[in-house]
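Data first, discussion second: the structure below is written as structure tokens.
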Amino acid sequence: MVRLAFLNGMAWLAAFLGAMSLLAVLAFHFPEYLTTPALRDIYTDNQVRALLYAGLLLATLTSVVALLFAQRKRQALLGLVCVMLAWLAGGADVSYGDRVRDARFYISLDWVLLDLVLIATLFISVELFFRLKKDQGILRRGWQVDLAHYVFNHIFNGAIVFALFLPAQWLAGILSMQGVRATISAWPLIVQVPLIMLATDFAQYWVHRAFHRVPLLWRFHRIHHSVEVMDWLAGSRLHIVDVLLTRSLSLVPMVVLGFSNQAINIYLPILALQAVFIHCNLRFEMSWLQKVIATPKFHHWHHTSDPHCLDKNFSVSLPLWDLVFGTWHSPRGQWPQAYGLSGDKLEERYLTHLLAPFRKK
Ligand SMILES: [Zn+2]
Ligand SMILES: [Zn+2]
């Protein structure tokens with residue numbers, strides 16, 4: 001039974017790896033539209049080719065094994081067709097010339113793939129050694145849906161950043177705060193980064209509370225709370241409206257105030273890592289630390305389905321705001337018994353999650 005579940009999980013994995021390999025080969029064919037200019041300066045050609053080669057081999061292997069032994073033949077076949085197309089389209093040997101011109105609109109396919117490989121390797125390794133729920137596997141219930149959330153929320157990264165900076169620059173222009181902006185942007189990074197963290201988390205705390213309190217906003221945020229298994233991937237389950245509203249309301253003021261792009265670019269990866277970390281299946285109590293920075297136990301209590309402990313621990317990075325506003329909750333030695341929505345449940349399908357806020361009850 002366990003072996004069959006593992007093989008069926010492998011069929012889903014084959015479909016995912018096959019699709020990702022095909023998209024990665026397409027990214028080599030059309031780098032100006034499918035890769036991120038800032039990232040192209042960081043990785044080298046050989047590094048991404050080696051990664052793609054490994055992905056193609058793994059996708060081929062998993063799809064063949066799943067096709068032979070798993071019940072989920074359709075997913076295995078989809079993986080095999082995708083990976084064959086990827087090989088036929090040139091595999092890891094596609095040449096794109098010396099220079100790639102920058103397109104005005106692009107999707108961050110390279111960011112999705114590289115971030116996924118790095119984050120998955122780091123957090124799955126830590127979870128394997130320090131698991132809170134020992135019987136919870138990597139391919140746990142609902143991982144496909146959360147992976148879909150991860151991919152779609154990351155793929156439009158470029159568009160989201162563009163959508164955020166445009167109103168911020170417009171606001172900065174009409175508010176004419178040149179003096180304040182010049183002063184703040186001149187501060188050293190060691191001052192700017194902690195201040196961004198403090199101020200953004202304050203804004204995030206109240207935006208998050210509003211998402212819980214205002215029924216219209218809860219329609220979107222309940223998607224995040226529908227997850228019933230906590231691990232490194234669970235935090236990806238976010239409706240795109242939730243992502244856009246939270247990011248814009250917390251980050252646009254920082255851009256308007258004049259915090260430098262460099263400082264914001266240091267803060268954003270810290271926030272991304274923190275958001276993955278707090279959902280992890282990790283058993284550490286971290287009793288004193290969970291009052292300084294958000295920890296898995298601190299955020300697991302935010303996801304409890306226990307109706308007596310709802311609406312606690314809204315901070316993403318600094319529990320300080322929960323301590324100040326009286327919503328901090330993490331009883332010593334106690335973890336939530338169950339996670340998810342305390343009322344009506346949501347079907348485990350990506351499209352259902354995307355459309356659920358717009359459906360009549
Ligand atoms: Zn919440
Ligand atoms: Zn969460």
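The values are calculated or read from the model by the stated rules, or taken from the named source; none is laboratory data. Here the structure is a predicted model, which is why all the values come from computation and not from measurement. When we count neighbours, we look across all protein chains shown, and the Cβ atoms used for this are built from the backbone with ideal geometry, even at glycine. These area figures cover heavy atoms from the full protein model, side chains too; ligands, DNA and RNA do not enter into them. Shrake-Rupley method; radii C 1.70, N 1.55, O 1.52, S 1.80 Å.
Computed values, structure above
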item: Percentage relative contact order, the stretch 219-361, counting C-alpha pairs under 8 Å, at least six apart; result: 27
item: FRET efficiency, Leu58 to Phe6 (Cβ-Cβ, R0 22 Å, nearest 0.05); result: 0.90
item: Listed peptides 23-29, 341-347 by packing density, highest first (mean Cβ within 10 Å); result: 23-29, 341-347
item: Amide H contacts under 5 Å for Tyr339, placed H, 5+ residues apart; result: Ser305
item: Taking the C-alpha atoms of the chain, convex hull volume expressed per residue in Å³; result: 163
item: Estimated vicinal HN-Hα couplings, Hz - the stretch 6-18 in sequence order (Karplus 6.51, -1.76, 1.60; Gly, Pro = x); result: 5, 5, 5, x, 5, 5, 5, 5, 4, 4, 5, 5, x
item: Quarter of Cα convex hull surface for the stretch 194-235, i.e. mean projection, nm²; result: 3.7
item: Over 26 Å between alpha carbons, listed pairs Lys134/Lys297; Lys312/Lys360; Lys133/Lys345; Lys297/Lys345; Lys73/Lys360; result: Lys312/Lys360; Lys73/Lys360
item: Among 172-183, 140-151, 302-313, the order from most to least packed when residues are scored by Cβ within 10 Å on average; result: 140-151, 302-313, 172-183
item: Separation in nanometres of the label points that stand 7 Å from Cα toward Cβ, at Thr352 and Gln47; result: 4.0
item: Percent RCO, i.e. relative contact order, over the stretch 32-182, from Cα pairs under 8 Å lying at least 6 residues apart; result: 31
item: Computed lengthening from Asn265 to Arg283, 0.36 nm per intervening residue step minus Cα-Cα distance; result: 3.4 nm
item: Accessible surface of the stretch 177-242, 1.4 Å probe, proportion on carbon and sulfur as whole %; result: 74
item: Model label zone, Ala38; criterion: amide N under 20 Å from point 7 Å along Cα-to-beta-carbon; scope the stretch 219-262; result: 243-262
item: Pair-distance profile P(r), taking every C-alpha pair of the stretch 220-286, with 10 angstrom steps and integer %; result: 18, 42, 30, 11, 0
item: Within-14-Å neighbourhood charge of Thr62 [Cβ basis; K, R +1; D, E -1]; result: +2
item: Cα centre as origin, Lys/Arg/Asp/Glu Cβ charges: the chain dipole, Debye; result: 880
item: Per-peptide average of other Cβ atoms within 10 Å, ordering 261-267, 188-194, 203-209 highest first; result: 203-209, 261-267, 188-194
